[in-house]
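Report on the following structure.
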Amino acid sequence: MPKELFGTDGIRGIPGEYPLDNNTLYATGRSLGSYLQTRQHETASSDAAPRVLIGMDTRESGPPIAAQLAAGLCAEGVVVSSAGIISTPGVACLVRREGFSAGAVISASHNPYHDNGVKLFAGTGMKFPDRTEELLETEILRWRNERVPEPAKPLRADRSLDEDYLAFLRDCANPGDLTGLKIVLDCANGAASSLGPALFESLGATVVPIHNRPDGRNINAGCGALYPESLQHRVTDEHAALGVAFDGDADRAIFVSASGRVVNGDGVLLIAARSLRSAGKLAGTRIVGTTMTNLGLERLFAAEDLTLVRVPVGDRYVLEEMLRSGCNLGGEQSGHVIFLDDATTGDGLLTALKIARMVALHGPLDFLVNDLKVFPQTIVNVNVRSRPPLESVAEISRALDEATRALGDGGRVVLRYSGTEPKARVMVEAERAEDVARWAEHLASAVRSTIGA
């Protein structure tokens, strides 16, 4: 059934407003705590209280949200630990490695500072499946009208957890000597601001950090994975071998080559697939992408007897397909890439480490992706007032059919709703840029005139 609170990446909203008001946050903690207590009782796995790890990015609203969530967990007898400011995949990693019952991350990923959210992870380090989120949501809505204790106590971070996570990353890179590699890191004024430079400096790289001074409000502000322009300039100015841009919670990474070329998750999948295959470590011949993965990558894979499997946008769907079909590599154009032999989530720091090693061992990033023909592609976001099935709206359905027939085998159209915002996303991809522009505007106009806000 449709969920009211949980989107494709947890619960999102504006702090202080539903669903990030104190009552709902406290109810979320109680719901998760009750679920964990019930599961532990049913499995008779331990007499000890369930343990939950909470981490957050650098938004000023993070600490009070974390405190309210922790208050609800503690009310259900759960022991809460805090990692303080840490990446989303850092929490997923530590939950799995340190034996926590679950994890929670306070973050809105690539969104501006005035947004925030709550992402929940099971003890496996994976996001809870839809069925569990539905169970949690039912209890949250039941409890949210109960009295909330005030004020919630702030959490004290256990900084030793940072080193545990960095040690895991260094193990994944073994051998990971990056001596002589100059790399620019755009930390998006987010969770990677301390972790990123610490990781790469510990492996011998010369690090030039930018946008690494968070003030609670500058996270993702004109920087990071969505805005690689300043990184491009800095890489070429510094004559660096590589640039990496993270987003606010560092679960994605976008790259810039020495020449200033932007390389997204599609390029990463190409480099990683070839590397794993040459080392005999690619599981089968299938790589999981999404509906947004560029047609150029799909055709290049086909020429190398590899198959791109497409799933809906969202790293949870990429992971589900990887687990279902036995793949060990998958990811999104946006920079979420999952190396399943190492981690259960997209991890920007891990991805950056993998690509940095490839550049150190095999040469410039431009060389590693020089045969990837990227088809012109555009995404038009349209604010919407409602979310009916898009194919059920006659004018939209008609426009979609016209575009699909006109493009034929030489292009693709993807029309979907955002999982985190009240928007419809129109993606058009084709061999000719003029076809992309024409049909994207045709479809966006149909959406605006029927369900536009």
Only Lys, Arg (+1) and Asp, Glu (-1) charged, at Cβ; segment 377-451 dipole about Cα centre in debye: 360
Expected 222 nm ellipticity per residue - DSSP helices of 4 or more, -39500 (n - 2.57), all of the chain, to 500: -12500 deg cm²/dmol
Cα gyration tensor, segment 213-254 - rounded (a/c under 1.5), prolate or oblate: prolate
Cα pairs beyond 27 Å in segment 287-422, in percent, come to 30
So what's the net charge close to R448: Lys and Arg +1, Asp and Glu -1, counting the other residues with Cβ under 14 Å from its Cβ? +1
Selection of GluC sites (Glu not before Pro), segment 50-157, meeting DSSP coil and at most 14 other Cβ within 10 Å: E146
Where in the chain are the helices, taken as whole DSSP H runs, whose Cα atoms extend 24 angstrom or more along the long axis and whose Kyte-Doolittle mean reaches at least -1.0? 433-451
Please work out the FRET efficiency for the pair A433 and T179, using the Cβ-Cβ distance as r and a Förster radius of 45 Å; give the result to the nearest 0.05. 0.60
Compute the signed sum of charges (Lys and Arg +1, Asp and Glu -1) over the other residues within less than 12 Å, Cβ to Cβ, of W439. -2
Give me H442, H211 ranked fewest to most by other Cβ atoms within 10 Å of their Cβ, as a rough exposure proxy. H442, H211
Coil-residue trypsin sites (Lys or Arg not before Pro) of segment 392-436, DSSP, other Cβ within 10 Å capped at 14: R432
Can you give the relative contact order of the chain as a percent, counting alpha carbon pairs under 8 Å and 6+ residues apart? 13
Ranking T24, T404 by Cβ neighbours within 10 Å, fewest first, what do you get? T404, T24
Compute the signed sum of charges (Lys and Arg +1, Asp and Glu -1) over the other residues within less than 12 Å, Cβ to Cβ, of T124. +3
How large is the charge dipole for segment 162-259, taken about the Cα centre, if only the Cβ atoms of Lys, Arg (+1) and Asp, Glu (-1) carry charge, to the nearest 20 debye? 260
If T124, T293, T420 are placed from fewest to most neighbouring beta carbons inside 10 Å, the sequence is T124, T420, T293
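Read-outs: derived from the displayed coordinates by stated rules, not from any lab. Remember, predicted model here, so these are calculated numbers, not experimental data. Note that we place each Cβ from the backbone using ideal geometry, even for glycine, and neighbour counts take in every protein chain shown.
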